[in-house]
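The values are calculated or read from the model by the stated rules, or taken from the named source; none is laboratory data. Not measured: the values here are computed from a predicted model. No Cβ is skipped: glycine too gets one built from the backbone with ideal geometry, and neighbour counts run over all protein chains shown. Note: accessible area is taken over every heavy atom of the protein model, side chains too, but ligands, DNA and RNA are not part of it. Shrake-Rupley method; radii C 1.70, N 1.55, O 1.52, S 1.80 Å.
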Amino acid sequence: MLTHTKGRRAPMLTLRWGSATDVGRVRTLNEDSLLAVPGLFVVADGMGGHAAGEVASQLAVAEFARLAEQAPVRAEDVTEAVRLANEHILSAGAERGDRHGMGTTLTGIGVVGSERGEDLAVFNVGDSRVYRLTDGQLHQLTVDHSAVQELVDAGRLTAEAARTHPRRNVVTRSLGMDPGPAPDVWLVQPVPGDRFLVCSDGLTGELEDADIAALLAENPDPQAAADQLVHQAVASGGHDNVTVVVLDVVEVVAAEPSAELTAAMPVGDAGATAVLPSGELPLPPTAPMPTAPMPSG
């Protein structure tokens with residue numbers, strides 16, 4: 001899909017995206033849900049079984065579908081949508097005993113207004129992830145809310161050992177908790193040629209980051225990249241549901257000149273909020289991107 005997203009003054013960003021999901025080889029139900037519409041790109045990985053996880057992830061995505069109808073969107077609106085999604089999941093769980101305790105991870109990217117015109121708000125609750133491919137290098141932008149990540153952060157476990165640790169699927173933050181979890185939110189300056197990946201852990205549990213980077217680089221079409229990532233994850237084992245959204249920044253129309261944002265922007269009660277200006281990550285030169293319209297994700 002190729003589109004201009006609408007900013008406060010005029011279209012600022014031209015984005016292309018593709019999405020794909022698969023139940024995998026082991027599970028009988030796909031509890032992942034995704035949203036890929038102009039301005040919002042979200043993946044939710046449900047937990048709870050007996051269709052409850054599927055319900056939780058769908059409720060989370062539905063709240064962001066409502067947010068997508070709002071323009072302009074602020075970073076604070078993303079945090080509020082997370083809060084509302086958590087309330088809906090708790091209410092739905094209380095209404096039916098077989099859905100009590102259901103939950104979901106939630107991660108994604110939203111186009112939000114900024115002093116520059118438009119930025120990308122990267123947000124996360126749980127162990128689904130957002131990556132950025134820039135100049136051929138893959139960077140994980142989100143931080144997993146998981147038991148093994150805490151061990152890695154404490155220096156008690158290596159990142160490689162975390163991949164096979166018996167508690168690797170234990171999340172420490174998810175929607176469906178009371179009190180509600182605080183999302184991590186980062187503001188990222190979009191740069192033409194950047195590619196972003198939003199994915200559930202069904203992808204990262206099967207493929208190494210190097211393999212993910214290679215597949216993203218080998219497929220310039222975002223829909224083809226999404227399809228290949230899911231295909232390879234299923235072929236490598238498919239032990240979990242696999243869901244991805246691949247998002248390309250094609251063009252950025254600059255607003256009036258303004259100072260580079262270097263300080264954190266308040267976003268309600270978010271768990272972590274940071275601004276990543278262009279100097280924070282190695283950014284590629286402007287690169288030509290395919291411009292033929294793609295099927296909607």
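Pull up the range 25-40, narrow it to residues that are touching a residue at least 24 places away in the same chain (Cβ under 8 Å) and under 20 Å from Gly103 (Cα atoms), then point me to the one that is surrounded by the most Cβ atoms within 10 Å (Cβ to Cβ). Checking each candidate, the answer is Asp32.
For the range 125-137, the condition of being farther than 16 Å from Val42 by Cα and at pLDDT below 90 holds for none of the residues.
When Thr79 is tested against (1) at pLDDT 95 or above; (2) farther than 16 Å from Gly113 by Cα, just one condition goes unmet, and that condition is (2).
Taking the criterion of being basic (Lys, Arg), over 16 Å from Val198 (Cβ atoms) and modelled with pLDDT under 95, would at least one residue in the range 113-123 satisfy it? Write out each step before concluding.
Keep residues of the range 113-123 that are basic (Lys, Arg), which gives 116.
Subset that is over 16 Å from Val198 (Cβ atoms): 116.
Cutting the leftovers down to modelled with pLDDT under 95 gives us 116.
Scanning the range 113-123 turns up at least one residue that is basic (Lys, Arg), over 16 Å from Val198 (Cβ atoms) and modelled with pLDDT under 95.
In the range 185-232, of all residues being farther than 19 Å from Val42 by Cα and of a type in the set (A, V, I, L, M), the one that is surrounded by the fewest Cβ atoms within 10 Å (Cβ to Cβ) corresponds to Ala210.
Does at least one position in the range 41-52 carry a residue that is assigned to a helix (DSSP H, G or I) and either open to solvent by less than 20 Å² (accessible area, probe 1.4 Å) or aromatic (Phe, Trp, Tyr) (or both)? First the steps, then the outcome.
To start, the set of residues in the range 41-52 that are assigned to a helix (DSSP H, G or I) comprises 52.
Those still in the list that are either open to solvent by less than 20 Å² (accessible area, probe 1.4 Å) or aromatic (Phe, Trp, Tyr) (or both) too: 52.
Within the range 41-52, one or more residues are assigned to a helix (DSSP H, G or I) and either open to solvent by less than 20 Å² (accessible area, probe 1.4 Å) or aromatic (Phe, Trp, Tyr) (or both).
Suppose the filter is modelled with pLDDT of 95 or more, out of contact with any helix residue (DSSP H, G or I) (no Cβ under 9 Å at 6 or more places or on another chain), buried (at least 18 other Cβ atoms within 10 Å of the Cβ) and of a type in the set (S, T, N, Q); does Thr21 pass it? No; evaluated as a whole, the condition is false for this residue.
Taken over the range 67-91, residues that are part of a helix (DSSP H, G or I) and without any contact (Cβ under 8 Å) to a residue 12 or more places away in the chain amount to 1. Just one of (1) over 19 Å from Ser174 (Cβ atoms); (2) of a type outside the set (D, E, K, R); (3) part of a loop (DSSP other than H, G, I, E, B) fails for Asn30. It is (1).
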